[in-house]
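To start, the structure itself, in structure tokens.
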Amino acid sequence: MELLRPSSLDEARAALGNGSVALAGGTELVPLVRDRLVQVERLVDVRGLVPRGIDGTRIGAGTTLAELEASADVPDVLREACRLAASPQLRNMGTIAGNLLQATRCWYWRLDFPCWLHGGDRCHAREGQHREHAIFGNDRCASAHPSDPAAALLALGATVRTDRRELPVAELYRLPTDDDRTTATLEPDELILELDVPQADASAYLKAMDRKRYAFAIVGVAAARFGEETRIALAGAAPIPWLLDSLDDATPLAGTAYKVQVAKALVERARAALS
């Protein structure tokens with residue numbers, strides 16, 4: 001494996017793809033490479049190249065979770081989602097762009113079972129242990145997206161700017177299909193550069209975990225109010241961050257029905273926090 005340190009974004013873009021992957025904080029990518037879940041020939045170090053910092057509603061892709069948590073300019077829902085996302089050590093290293101592109105924590109996928117998401121013909125979680133898995137969008141793959149900040153940004157209606165386009169954060173994700181088993185819409189050589197994050201009138205993030213701190217969400221609820229409209233998004237509830245319409249649409253598995261009740265309680269608390 002080779003580590004490349006390009007001197008400009010143009011050099012970085014030229015180096016990406018064809019077995020090359022961008023590296024920033026490394027808290028997500030390095031474990032995946034170590035466990036051979038991601039096959040790479042070259043790591044392209046972009047830490048000094050992508051924007052970093054907070055300027056009004058603009059957030060650089062290289063901004064760490066710790067920096068977002070500490071900034072009074074960041075909406076409450078995003079600050080709290082960053083605070084609850086990981087340990088201080090990981091928050092000091094992990095970038096917001098990397099966090100948005102996290103892989104699932106599904107143990108079947110992480111243990112490299114030949115599951116549907118890996119290109120196989122069945123979802124092992126649907127047939128086996130699935131206590132932490134999805135309650136929406138789970139007809140083919142029951143994995144649950146782990147990113148707390150992604151749910152916050154979805155509730156806020158944030159916009160993502162890459163090196164070639166702008167798109168709503170909702171369009172950064174897609175449910176996997178037979179033709180494309182990935183859950184992100186970025187091209188292999190496409191870089192997230194920054195986010196535009198609207199300021200809500202009020203916002204909150206609540207999270208149920210197996211322990212009090214530094215665990216992935218059983219269910220995370222992000223709520224943001226803009227005037228009379230309130231947007232609710234969920235973490236840990238679907239293969240992608242999920243913009244909630246109604247909990248009545250949930251399709252829990254036998255072992256995840258409890259998550260619907262957890263989500264209902266957290267949504268009620270989040271709405272109350274905004275009033």
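The values are calculated or read from the model by the stated rules, or taken from the named source; none is laboratory data. This structure is a prediction, so every number in the text was calculated from the model and none was measured. Cβ sites come from the backbone with ideal geometry, for glycine too, and all protein chains shown count toward neighbours. Protein only, heavy atoms only, side chains kept; ligands, DNA and RNA dropped before computing areas. Shrake-Rupley method; radii C 1.70, N 1.55, O 1.52, S 1.80 Å.
Kirkwood analysis of the stretch 106-188, using all unique Cα-Cα pairs, places the hydrodynamic radius at 14.1 Å. Roughly what % antiparallel, to the nearest 5, for the DSSP beta bridges in the chain? Counting only bridges with both partners in the chain, antiparallel ones make up about 80 percent.
Comparing Thr185, Trp109, Ile240 along the charge dipole axis of the chain, the residue lying farthest to the positive side is Trp109, per the Cβ-charge model.
Stretched out straight at 0.36 nm per residue, the stretch from Glu228 to Ala254 would grow longer than its current Cα-Cα span by 5.7 nm. Estimated from the Cβ-Cβ distance and a Förster radius of 25 angstrom, the FRET efficiency linking Asp163 and Val40 is about 0.80.
Take the Cα of Arg110, go 7 Å toward its beta carbon, and the backbone nitrogen atoms of the stretch 133-166 under 15 Å from that spot belong to 133-134, 143-148.
When ligands, DNA and RNA are left out and all protein chains stay put, how many square angstrom of accessible area per residue does the stretch 15-78 have with a 1.4 Å probe?
On the way: 2930 Å² over 64 residues.
Result: 46 Å² of accessible area for each residue.
Using a 1.4 Å probe over the heavy atoms of the protein chains, calculate the carbon and sulfur portion of the accessible area of the stretch 28-149 as a whole percent.
Numbers: 2600 of 5490 Å².
Reported share for carbon and sulfur atoms: 47 percent.
Legend: calculated FRET efficiency, Ala273 to Asp121, from the Cβ-Cβ distance at R0 = 45 Å, rounded to 0.05, equals 0.55. I'd like the distance separating the alpha-carbon centroids of the stretch 45-98 and the stretch 158-224, in whole Å. The two parts, judged by their Cα centres, are 13 Å apart.
How much space per residue, in cubic angstrom, does the convex hull of the C-alpha atoms of the stretch 28-116 take up? Spell out each step's value before the answer.
Working: hull volume 10.6 nm³, N = 89.
Hull volume over Cα atoms, normalised by residue count, gives 120 Å³.
Counting only DSSP H runs of at least 4 residues, each contributing -39500 (n - 2.57), and dividing by the residue count of the chain, the helix-based mean residue ellipticity at 222 nm comes to -7000 deg cm²/dmol. Protection proxy ranking, highest mean first, for peptides 110-117, 238-245, 189-196: 238-245, 189-196, 110-117, where packing is the per-residue count of other beta-carbon atoms within 10 Å, averaged. Cross-link partners for Lys264 among the aspartates and glutamates, with Cα-Cα distance under 18 Å and sequence neighbours closer than 8 places in the same chain left out: Glu132, Asp148, Asp210, Asp245, Asp248, Asp249. Convex hull volume per residue, computed on the Cα atoms of the stretch 157-258, equals 150 Å³.
Histogrammed with a bin width of 5 Å, the alpha carbon distances of the stretch 47-183 distribute as 2, 10, 18, 20, 17, 14, 12, 6, 2, 0 percent, first bin at zero.
Enumerate the residues in the stretch 148-185 having an amide nitrogen under 12 Å from the point lying 7 Å beyond the Cα of Thr57 toward its Cβ. Within reach of a label on Thr57: 156-160. Stokes-Einstein diffusion for the chain at 37 °C, viscosity 0.692 mPa s, with a Kirkwood radius from C-alpha pairs, works out to 174 µm²/s.
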